[in-house]
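Take a look at the structure below.
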Protein chains: 2
Amino acid sequence: MKETWSFLDTFEPNFRPLVVIELAKGTKKETIEWFTKRIVDKKANGGAQLLIKPLVTENGDENIYLVGASQLRLLLGAETVGLVKECNDNSMRSFTYSSRKTFKDFADDNQNFLTMSECQYIIKHELENLRAKDEKMIPGYPQAKLYPGKSIVRRLLTNGILVQIFPLHDREELKKLRHTWYGRVKIGYQPLDEIRSYFGETIALYFGFLEYFTFALIPMAVIGIPYYVFAWEDYDKYVMFATFNLLWSTVILEVWKRICAVMTYRWGTLLMKRQFEEPRPGFHGALGINPVTGREEPVYSSIKRQLRIYLVSVPFVCLCLYFSLYVMMIYFDLEHWALDYHEENNSTFSSLMLYVPSIIYAVVIEIMNRIYRYAAEFLTSWENHRLESSYQNHLILKVLVFNFLNCFASLFYIAFVLFDMKLLRQSLATLLITSQILNQFAESLLPYWLQKRHVKKIKKHTHSLKTEMDLSLVEQVNLEKEMGTYFGTFDDYLELFLQFGYVSLFSCVYPLAAVFAVLNNITEIYSDALKMCRVYKRPFAEPTANIGVWQLAFETMSVISVVTNCILIGMSPQVNALFPDSKMDLVLTVALVEHLLLAIKFVMAFVIPDKPREIQIKLAKLEFESLEALKQQQMKLAAESLKE
Amino acid sequence: MKETWSFLDTFEPNFRPLVVIELAKGTKKETIEWFTKRIVDKKANGGAQLLIKPLVTENGDENIYLVGASQLRLLLGAETVGLVKECNDNSMRSFTYSSRKTFKDFADDNQNFLTMSECQYIIKHELENLRAKDEKMIPGYPQAKLYPGKSIVRRLLTNGILVQIFPLHDREELKKLRHTWYGRVKIGYQPLDEIRSYFGETIALYFGFLEYFTFALIPMAVIGIPYYVFAWEDYDKYVMFATFNLLWSTVILEVWKRICAVMTYRWGTLLMKRQFEEPRPGFHGALGINPVTGREEPVYSSIKRQLRIYLVSVPFVCLCLYFSLYVMMIYFDLEHWALDYHEENNSTFSSLMLYVPSIIYAVVIEIMNRIYRYAAEFLTSWENHRLESSYQNHLILKVLVFNFLNCFASLFYIAFVLFDMKLLRQSLATLLITSQILNQFAESLLPYWLQKRHVKKIKKHTHSLKTEMDLSLVEQVNLEKEMGTYFGTFDDYLELFLQFGYVSLFSCVYPLAAVFAVLNNITEIYSDALKMCRVYKRPFAEPTANIGVWQLAFETMSVISVVTNCILIGMSPQVNALFPDSKMDLVLTVALVEHLLLAIKFVMAFVIPDKPREIQIKLAKLEFESLEALKQQQMKLAAESLKE
């Protein structure tokens, strides 16, 4: 077949497949020819200058292509995407091809200077930036309109001609990573740097945060255990625990920023310049002039979007919130019924029945959260945001508000309307534990089992051909293309966020929550690692410098928890006993303490620098150098101009 | 005399004096020769390549020099300091000499392309960046040590050889500005663009803020008047006024950010890149290696500074706070005594006497504020901060904490300990009005009167020489060098900050405060304008993009005022009457409302974008263009590399 691909003569002998492109079955020949030509074409002609090779499967289908690139091409691409690498003098700098010799571990024959995930990120970037020149449509598909500057890959994706693009796993590396990550039973840190070089910064940062958060919860868990064991209910001990909790949660969130800065500095993403954001794939609109770029591209009126948001999305979210509260009231009816039943019968069975409503409710909450998630995604996508970041922010806001209410409304109701601390403790425990079990199951174990079954089926199918090395690649691609897609860290952060809510909002009522959270997170690390390595397709690396909007979400939660804990302590009989004469004084004291704690929180957040001193100095040094370079250049120019 | 200045042969015929340098009387000749040579020397030789001319006064002293520069030199300097100017296509861009033709109003013979204050700013920057090469000391002054890279001007200043550097007024321009600014009685906006081109951005921004703040207070004043006139004391009207106030204060602070962005975009400072910050003049330490620049320069241990801050400054501030509270208690004794006296005598005199303690206390507060200000400056300077910005932040923090307590402690005491609303209203009125009168007097009228007397004296002295144009310059320089120095907008902002406190903290008790604030601010605009134009030396322009830490200070004040107003409303008899049975419910309701208001405030601050959409688009456009340019450059490079 190779003869047809006349422009593929540039094949390097050591072609290393990095990224897989799967086209729809039955894609027209002229389309394939045009697309592959654009991919291998010279940069000067508007191509991506990458290497491409068709993957011939046993049934002769030719809709899967492997993409690679020469080492030089990758290095130039690293400059384009703005990768930051370590120099020989241990400072981090933007990589440029002309200064390549000054970088650590650089050698013209060193294929490992760029990690495989970096190479794949570069190829993805180059493919996405392959833009239409004067084509009016995709050849062979007149309905797939193009205009100058439109990303070809995005148009192919939205028209279903391109099924998917995904990076290949590196079986060797993955095995090593699995071994150091979760292969052996050990107490210790995760190999975050290895995770980062295999999966990219976003995922490594999630695992870093998960690990950090787990460690940070340990002091709370350790202090919480004796409260449970000895059933401490003294006033002073309670207040101490809650105060510690509140200040501690502020401290850990501030310290995380510093740790995050250290990590992302080492990875280079802290210094990476923001790229100009392209419209997200789903964005549509009438062709118009973009006021920022001056290019002709789809434009969608911001007023129309606002109308959609405020007239449809907001009412819908409110309706969902109302529905969630309605379900909550049904739960309380059930709870009431179970209590009556227990009082009538008073058997072991009936006492077990007491837990049933909570468990049912926890399951219903999880189901509602998941259904709402789809609705929120649909709505946000219908709002037609131009940028991925704006889409994400609107989605996160929608999901956070609903999940917060859905998960915590019943607890707030029990605590501040029913004033039933015993029920609160019981509900909290049931909700926390049930949701953790459900999550672990739905997120990792179920997909893992499905995936294992699938692998077995494939292996059985291709059993006879298994020996040859080349076919093993075919096998690998076939296997990986059927794997599920990892849709980003959203759900994982959301889970942690809700867990943080369970731990901190009512911490002084149920000190054991932190213990469960720690236990869950330890297994979570393992199951998430399993999920990343075994269940999903390898995701593209995504450079990032921080956990973004989640930092704000966690901080908001910790502010709310100051309020709830202060009220809870104020309501406890032990504290009430201290103010026998005047409830007024009690309420005023609680309000005063609450305001003081909030003030301390804000001052602490203000005083603790977001970046450690050494990172600050390194950043200042870089800035100074670039300013100096600019000044030198200007001085030279000035000297020349003044000489004339 | 000209023969001696052989290196001054480059004199342009149209030398325009911009900046005055005053050396100490009796400065050694070799020093003067070396210094002036460095100023006129070529850039390539490490000079500033400016023009300098001695000013020969009638008594033959030669310690005053006028500095100017050629038009070309100024344009190159504009590029060095990173001035941003408007282009022909109405976009704002960093000025570069090579692209000069694309800028609006640029012509090789147009001397007005750069405003005079911009020229003076450039000269100041060039003088401050005149650095020692291999000199070990200032010639003639072995005790004035130099090291490579040390700013010569700063060393001369700290050693007292250089008395002062200041920009010259432009009598013609100033007259025009005075006329449009405050010369005629008119209702309307200030000529902010003209103020900016004469005094620079920092000062124009202060006047812009003052004007904006005054306009923003008008709705509060208008709504407040009927409360006073009709003595409204209904519950609902009070709550409405306070709620309006709280939300309004959030809105005005958010809207200011947008207005500020529009203004500074037009002025170009929003886009100006931050320059690398040099150590401040007063900074001292042992010579060491700066970790950021890698240069040898004074280094001072951060631990020593922390010790000074926490072991000396913090205790001192606490002591001052204690002292301020002590004075407050004396005031309450006086107040008590006055009340007793009035009850005994009950005459017109004794009823007037009732106001005397408040007035005395207001005067004492002002005096204490001013004394403390000196102490704070001394202490902060002794803390030996390396950067001017860090010095300013520590100084502002010290001064704000003390002034806040000093001004408002008595009001808090009256409101929340004595629960005496009548006394609160009276004290508030007295404090506000007295401090406003004192400020207007001490800040503008007194210096104006002193200045006027001084001008008269000088005029009498040089009366006979008044006709010649050249001598008029001598006269002007002599006059201006004796004028007071304007030490920046700190005191002006502080005054507004305290006023904002008087207006918002207890707004529901004394709605008339806003009226007084508006009246004061209208005269304040005039007296501050008078002060800038008539009393002080012209200050160097200081490019700035926002009001900095003051935005935070005002926002903090508005958060505190939510709390105080909620408590005040909760304490009012009208609201108390609504909850006849349970004080508990009252307190809980107040707390709930307060938390709701605070939440609304934060959501509003979050939702209102800091920059208007059009500015956002313009900024995005600029960023896009620079990224495109970079990409083009890289593509060219890549294409070349790949061809090889």
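Some notes on this structure:
- Within region A:18-47, if we keep just the residues that are over 20 Å from A:M137 (Cβ atoms) and touching a helix residue (DSSP H, G or I) at 6+ places or on another chain (Cβ under 7 Å), the residue that is most open to solvent (accessible area, probe 1.4 Å) turns out to be A:A44.
- Selection from region A:113-130 of residues that are over 13 Å from A:A78 (Cβ atoms) and either polar (S, T, N, Q) or touching a Cys at 6+ places or on another chain (Cβ under 6 Å) (or both): A:N129
- Residue among A:I371, A:I303, A:I330, A:I367 that alone is within 14 Å of chain B (Cβ to nearest Cβ) and free of Cβ contacts under 8 Å to residues at least 12 places away in the same chain: A:I303
- Considering region B:29-109, the qualifying strands (runs of 3 or more DSSP E), each wholly inside and each with 3 or more residues that are farther than 28 Å from B:K150 by Cβ and more than 14 Å from every other protein chain (Cβ to nearest Cβ), run over B:84-86.
- Residues of region A:257-285 that turn out to be away from every other protein chain (no Cβ under 12 Å) and open to solvent by 70 Å² or more (accessible area, probe 1.4 Å), as a count: 2
- Of everything in region B:110-147 that is assigned to a loop (DSSP other than H, G, I, E, B) and among the small types (G, A, S), the residue that is surrounded by the fewest Cβ atoms within 10 Å (Cβ to Cβ) is B:G140.
- If the condition is being crowded, with 21+ Cβ neighbours inside 10 Å and hydroxyl-bearing (S, T, Y), then region A:384-442 contributes A:S410, A:S427, A:S435.
- In the condition set (1) within 30 Å of A:D89 (Cβ to Cβ); (2) exposed (fewer than 15 other Cβ atoms within 10 Å of the Cβ), A:I615 is compliant with all but (2).
- Pairs, first more than 14 Å from B:L568 (Cα to Cα) in region B:223-250, second modelled with pLDDT under 75, C-beta under 7 Å, six or more apart: B:P226/B:W232
- Selection count where residues are of a type in the set (A, V, I, L, M), closer than 26 Å to B:R386 by Cβ and open to solvent by 70 Å² or more (accessible area, probe 1.4 Å), scope region B:296-353: 3
- A single entry from B:P580, B:P609, B:P543, B:P539 fulfils the requirement of being on the phi < 0 side of the Ramachandran plot and without any contact (Cβ under 8 Å) to a residue 12 or more places away in the chain: B:P580.
- Candidates are the residues of region B:443-469 that are modelled with pLDDT under 75 and of a type in the set (K, R); the one that is most open to solvent (accessible area, probe 1.4 Å) is B:K460.
- Residue match in region B:183-192 (condition: free of Cβ contacts under 8 Å to residues at least 60 places away in the same chain and touching a Phe, Trp or Tyr at 6+ places or on another chain (Cβ under 7 Å)): yes
Okay, residues lined up against (1) aromatic (F, W, Y); (2) under 34 Å from the mean Cα position of the chain (by Cα); (3) at pLDDT 85 or above:
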position: B:C566; (1), (2), (3): no, yes, yes
position: B:M571; (1), (2), (3): no, no, no
position: B:L596; (1), (2), (3): no, no, yes
position: B:S626; (1), (2), (3): no, yes, no
position: B:K643; (1), (2), (3): no, no, no
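- Residue within region A:501-516 that is more than 30 Å from the chain's Cα centre (by Cα), over 30 Å from A:L446 (Cβ atoms) and open to solvent by less than 50 Å² (accessible area, probe 1.4 Å) present: yes
- Residue within region B:221-241 that is under 30 Å from B:F113 (Cα atoms) and open to solvent by less than 10 Å² (accessible area, probe 1.4 Å) present: no
- Test set (1) open to solvent by 40 Å² or more (accessible area, probe 1.4 Å); (2) in contact (Cβ under 8 Å) with a residue 40 or more places away in the chain; (3) of a type in the set (D, E, K, R) - B:E201 fails condition number: (1)
The values are calculated or read from the model by the stated rules, or taken from the named source; none is laboratory data. Every value quoted in this text rests on a predicted model; they were computed, and no experiment measured them. Every residue, glycine as well, gets a Cβ built from its backbone with ideal geometry; the counts of neighbours run over all protein chains shown. Areas reflect the complete protein model, heavy atoms only, side chains present, ligands, DNA and RNA absent. Shrake-Rupley method; radii C 1.70, N 1.55, O 1.52, S 1.80 Å.
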